[in-house]
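*Asks:* Here it is, the structure, as structure tokens.
The values are calculated or read from the model by the stated rules, or taken from the named source; none is laboratory data. Computed from a predicted model, the values in this text were never measured in an experiment. We place every Cβ from the backbone using ideal geometry, glycine too, and count neighbours over all the protein chains shown.
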Amino acid sequence: MKTILVLNGPNLNLLGKRQPQIYGHETLEDVARLCRDACGSGFSIDLQQSNHEGQLIDWIHAARETTCGIVINPGALTHTSIAILDALNTYDPPVIEVHISQVHKREAFRHHSFVSLRADAVIAGLGLEGYAAAVRRIVSLVGE
Ligand code: DHK
């Protein structure tokens, strides 16, 4: 059984309650369900969320030994965190960056992503379906 880490950054614990006009009414539990449905039987999903940059980095480091890919929505750390970029640069398997909203239609400060310098694909604006698409892509990249 291969494991895909689905990592979520600051404020995504409030998914479903936070600005639903932007992020929708579904929750992180719905994200977990969509990812599990998308990955098929040979894979497991490890979904994590933290509001703390260092915790996210620790999970990326641990994933080096235990996972076959990372789906990451770093929240606002997307636009600020060289440390998360550096952590992802220590990780060899596929990395896919997901944003629920279409960040390029929003404020200019959301248009730049440090994580995109490492990501093998970037998905924005598909809502929660972006996570499922990212999981399917990792499954196809790493093989059943
Ligand atoms: C989530 C956030 O929390 C924002 O800080 C990003 C991203 C966009 C999203 O669309 O999922 O700018």
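*Asks:* Scan the range 35-51 and give yes if some residue there is modelled with pLDDT of 95 or more, over 25 Å from LYS2 (Cβ atoms) and within 16 Å of the ligand (Cβ to nearest atom), otherwise no.
*Replies:* Yes: one or more hits.
*Asks:* Could you please find all residues in the range 16-72 being among the polar types (S, T, N, Q), more than 21 Å from VAL103 (Cα to Cα) and either in contact (Cβ under 8 Å) with a residue 24 or more places away in the chain or touching a strand residue (DSSP E or B) at 6+ places or on another chain (Cβ under 7 Å) (or both)? If you could, list the steps in order and put the result at the bottom.
*Replies:* The initial filter retains those residues of the range 16-72 that are among the polar types (S, T, N, Q), namely 19, 21, 27, 41, 44, 48-51, 55, 66-67.
Filter once more, so that each one left must be more than 21 Å from VAL103 (Cα to Cα): 41, 44, 48, 55, 66-67.
Once the filter is applied, which keeps residues that are among the polar types (S, T, N, Q), more than 21 Å from VAL103 (Cα to Cα) and either in contact (Cβ under 8 Å) with a residue 24 or more places away in the chain or touching a strand residue (DSSP E or B) at 6+ places or on another chain (Cβ under 7 Å) (or both), the range 16-72 yields SER44, GLN48, THR66, THR67.
*Asks:* So if I check each of ILE84, ILE96, ILE72, which one is over 17 Å from PHE43 (Cβ atoms) and within 16 Å of the ligand (Cβ to nearest atom)?
*Replies:* So the residue among ILE84, ILE96, ILE72 that is over 17 Å from PHE43 (Cβ atoms) and within 16 Å of the ligand (Cβ to nearest atom) is ILE84.
*Asks:* Kindly establish whether LYS2 is away from the ligand (no atom under 12 Å from the Cβ), charged (D, E, K, R) and within 22 Å of LEU141 (Cβ to Cβ). Step through it out loud before you land on a result.
*Replies:* Working: away from the ligand (no atom under 12 Å from the Cβ): yes; charged (D, E, K, R): yes; within 22 Å of LEU141 (Cβ to Cβ): yes.
So LYS2 fits the description; yes.
*Asks:* Would you point out the residue of the range 1-33, among those that are surrounded by 21 or more Cβ atoms within 10 Å (Cβ to Cβ) and in a strand (DSSP E or B), that is farthest from the chain's Cα centre (by Cα)?
*Replies:* ILE4
*Asks:* Return the only residue of VAL95, VAL115 being over 14 Å from VAL6 (Cα atoms), hydrophobic (A, V, I, L, M, F, W, C) and surrounded by 20 or more Cβ atoms within 10 Å (Cβ to Cβ).
*Replies:* VAL115
*Asks:* Shifting gears a bit: Quick check, is GLY40 closer than 19 Å to VAL135 by Cβ and within 14 Å of the chain's Cα centre (by Cα)?
*Replies:* It is false that GLY40 is closer than 19 Å to VAL135 by Cβ and within 14 Å of the chain's Cα centre (by Cα).
*Asks:* Please work out which one of (1) in contact with a Ser or Thr (Cβ under 6 Å, 6 or more places away or on another chain); (2) of a type in the set (A, V, I, L, M, F, W, C); (3) in a helix (DSSP H, G or I) is the condition ILE60 fails and give its number.
*Replies:* Unmet condition: (1).
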